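Participant: Could you have a look at this structure, given as C-alpha cells, before my questions?
The values are calculated or read from the model by the stated rules, or taken from the named source; none is laboratory data. No experiment lies behind these values; they were computed from the predicted model shown. Protein only, heavy atoms only, side chains kept; ligands, DNA and RNA dropped before computing areas. Shrake-Rupley method; radii C 1.70, N 1.55, O 1.52, S 1.80 Å.
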Amino acid sequence: MKIRIPHSAPSLAVSGCALFVALGGTGYAAAYMATANNARHLGGEPPWSFARSSQIASSHGERFLSAGQEALLGKAGQFTFYATCKSEGGENVVSFDVVSSRTADLDGNGPMAAGSKIVIHEDSDAKDSTTEKPLHSGELAQVGSASDSTEIGANGEEADIFYNDGVNWPAGNGSPAHDCFAGYNGQLAR
C-alpha cells in the first residue's frame, strides 16, 4: 500500500510556522514595549522601589481654616491628624495635632492612652517673630517642619510626618485671605 502525501503539505507547514512566529513575535514586541514604557515612566526604577499607596500618609494639600475652626487633615493607620485655628489676643494661632486610636508614643511624649490629643506644632506671628525679622500681628507666618514628627503605636505601626502650617494667608492672585492653614506628607510603616 502506498501512502499519498498531498503536495500542499510542505507549504502549509511552512506558512503555519511563519504565522506562529509572526504572532508570537508581535506579542513579544508588545510586551517589550509596555515594559520599556513603564520603565521610562518610573524613571528607570523597578516598581518595587516605590512605596505602596497604603504606606503614603498625606493631607493631599493644605487645608485653609477660619479662626474658631478645626479641620480633619487626614488619617494614616491608627493616627488621625487635625489642624485647629483660633484667635488669641487678636492674633491667629494654628496648631497641628495628632490623635491615636490605640496606645501610642505621640511626637516623643511617651506612651499616651488611645484618644489623647497631642499638639505637634503651634504657629503664630509671635512664635515666628525674631529680632532679625520681627513679625507684626496679621502678617503671614509659616513653618515647614525641618524635622519630622514620629508617632509609634504599641503594635509597631509608625507614622513619620513632615508638617506645614501657618497663619494670615494674604489675599492675592485670585486667592482669598485665610486665618490659618496646615497640611502634611509622610509615610506609614510597620
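Participant: Sorted from largest down, what three extents in whole angstroms do the Cα atoms of the range 66-190 have along their principal axes?
Facilitator: Sorted largest first, the three principal extents are 45, 32, 25 Å.
Participant: Please give the length that would be gained between residue 133 and residue 102 if that part of the chain were fully extended, namely 0.36 nm times their separation in residues minus their C-alpha to C-alpha distance (nm, one decimal).
Facilitator: Contour length minus Cα-Cα distance gives 7.0 nm.
Participant: Let me check something: with ligands and nucleic acids excluded, how do 161, 56, 152 order by accessible area (1.4 Å probe), largest to smallest?
Facilitator: 56, 152, 161
Participant: Additional query: Going Cα to Cα from residue 133, which aspartates and glutamates come in below 19 Å? Please leave out same-chain ones fewer than 8 positions away.
Facilitator: Leaving aside aspartates and glutamates fewer than 8 places away in the same chain, those within reach of residue 133 are 91, 122, 123, 125, 165.
Participant: By accessible area of protein heavy atoms, probe 1.4 Å, what ranking do 190, 63, 102 get, highest first?
Facilitator: The residues order as 190, 102, 63, largest area first.
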